[in-house]
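One structure is given below, encoded as structure tokens.
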Amino acid sequence: MTLPPHGRPADDILAQLDATVGPDGGWPGGRAFAAYVADAPAAQAVGARAMERFQSLDAGDPIASPGLVALEHELVDVVAAHLGGGGRAAGDVTSGVSDSALLAVRSARDHARAHRPEIHLPNVVMPTTAHAAFHVACHVLGVEARLFDVDRATLRAGPEAARAAIDDQTLLVVGSAPSRAHGVIDDIAGLASLAAERGLLMHVEAGLGGWLLPIAQRLGRPSPAFDLSVDGVTSLSVELHRTAACPLAVGVLLYRSEALRGHQIAVTTGWTGPVDVQTTARSIRSGGPSAAAWAVLQALGERGFREATLATLEATRALQAGLEEIDGLDLMGRPDSFVMATSSDTVSVFVVADEMAARGWPLQPQLGFRVHPPSLRFVASPGVADRIPAMLAALRESVEAARDRPPTDHDLVEEALHHLGPETLTDEAFARLLEVSGVEDGALPERRAALYETLNSLPPALADRLLTRFVSRLRSPRG
């Protein structure tokens, strides 16, 4: 693509955008069971107006936009009160889990530099179900991501397994509320008690559940405690996009105290430019998401979110009951939230995903890892509640259709990997693996079971390298 010689009419530009991206972003309307879909059109319209009005203001500059900074403080205060922070907690608006994870790990590292100078090989202890963003954060910051296994039956992370992973170089313990893969809330109280016992920081990744779960508790649905009211929890992250009906991308990272938050702030005076103060990972941030989130929370209020949560709970009951009745699928763990996953001993879940996509129901397959089998992830939400019966009917058909489709021949994968180590991926092996996976001309096939089966059969390090090279090829200039 090159710039046009002259500016184009707005209608032509928007028409081409719709044709390229699609008006619904590629997800069929009302059929997105891979993400939470809110049903609050009036409040979302207010948020969209606020987003448009303030998107060009810099929320990271307290001098240029003091009113916007004050508005963000109000937003943080509302979220802190919602999540057990009382008047003690401090925090900042982020773009979501990736941003928050990077900041939480960096804060833990810098806290250790100030208070535990004996640490020279830092590690973060986290369950195998922790969000991938913490792996990325550790990689970027040169910190070891040290994993421990969760309970095989409940899929819940507990303190005994974590205890075995902790040593004198550990900075931080991470837990989920809930886990993104299975919707299970970890034993946060147990993990936090262990962290406090060892003098460690404890972070709760509550991106999905942090907004709705406290409301569900107030409505009488019990769930394990996970927020800043739990002794030993020192930081917590929550996302407001989707689950709080806010547009992408906005979240909040909270710390138990202002002193802990201070390790997140980066100040630079030793250069020739203006004094630089970064409270988050980005020095310049659009004010649109913050203004939109503030507007949506004001528009819905407690009553509106109670109604949304009740609708979510009802959708969750219907979806979980329907999944448990499908022969060939097994619900994994004991979900504490509106997220759940199913595995299968009789069919390939990757083939089931292909069959569902062919019927217009895109799902989110998950690779197996350690003792956990491959699975399909589902999210119940008000925006898709009326489609649950139709989706379940299509899922039954897809499971039956998958019984007649054998999985990928793993002997072909083994042949492609002959004489390779876990960190090696030659050009020849790369080309052969793409061929085995059904990838032609660098484009993803419509049916992707073979690709998922290939990735699932590889050691994680090699699967990572395969996907890295493939994504790099997709983003490379075309000759």
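What the table below lists for this structure:
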quantity: Förster radius 22 Å - calculated FRET efficiency between Arg116 and Arg370, Cβ distance, rounded to 0.05; calculated: 0.15
quantity: Additional length obtainable on full extension of the chain from Asp404 to Ala70, 0.36 nm per residue less Cα span; calculated: 114.3 nm
quantity: Computed [θ] at 222 nm, deg cm²/dmol, the chain (DSSP H ≥ 4; -39,500 (n - 2.57); rounded to nearest 500); calculated: -13500 deg cm²/dmol
quantity: Cβ-based charge dipole, the chain, positive-most Cα from Ala463, Ala157, Leu376; calculated: Ala157
quantity: Listed values [x] 1.25; [y] 1.13; [z] 1.01, entry calculated as Cα Rg over 2.2 N^0.38 Å; calculated: [z]
quantity: Least to most buried among Leu376, Leu313, Leu14 (fewest other Cβ within 10 Å first); calculated: Leu14, Leu313, Leu376
quantity: Neighbour-limited loop hits for trypsin sites (Lys or Arg not before Pro), the range 334-404 (at most 11 other Cβ within 10 Å; DSSP other than H, G, I, E, B); calculated: Arg370
quantity: Furthest towards positive pole of dipole, Ala249, Ala177, Ala19, structure part the chain, Cβ charges; calculated: Ala249
quantity: Positive minus negative residues near Leu313 (Lys, Arg vs Asp, Glu; Cβ under 13 Å); calculated: +1
quantity: Student exercise, the range 48-296 dipole from Lys, Arg, Asp, Glu Cβ charges, in Debye to nearest 20; calculated: 320 debye
quantity: Approximate spin-label separation Val78-Arg317, in nm, with each point projected 7 Å along Cα-to-Cβ; calculated: 2.9 nm
quantity: Rounded Å value of the spacing that divides the Cα centres of the range 167-246 and the range 126-144; calculated: 16 Å
quantity: For the chain, with +1 on Lys and Arg beta carbons and -1 on Asp and Glu, the positive-most of Ala206, Trp361, Met391 along the dipole; calculated: Ala206
quantity: Computed over the range 58-115: relative contact order in percent, which uses C-alpha pairs under 8 Å that are six or more apart; calculated: 20 percent
quantity: Charge dipole (debye, nearest 20) of the chain; +1 at Cβ of Lys and Arg, -1 at Cβ of Asp and Glu; calculated: 900 debye
quantity: Environment charge of Asp151, counting only residues whose C-beta is closer than 12 Å and scoring Lys/Arg +1, Asp/Glu -1; calculated: -1
quantity: Simple label model, 7 Å out from Cα along Cβ direction - Leu141 to Gln16, nm; calculated: 4.2 nm
quantity: Cα gyration tensor category, rounded, prolate or oblate, for the range 48-114 with a/c compared to 1.5; calculated: prolate
quantity: The chain: antiparallel DSSP beta bridges as a percent of all, rounded to 5; calculated: 60 percent
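Since every read-out is calculated from the coordinates, none of them should be taken as a lab result. Note that the structure is predicted; figures quoted are calculated from it, not measured. So basically every Cβ, Gly included, is an ideal-geometry build from the backbone, and we count neighbours across all protein chains shown.
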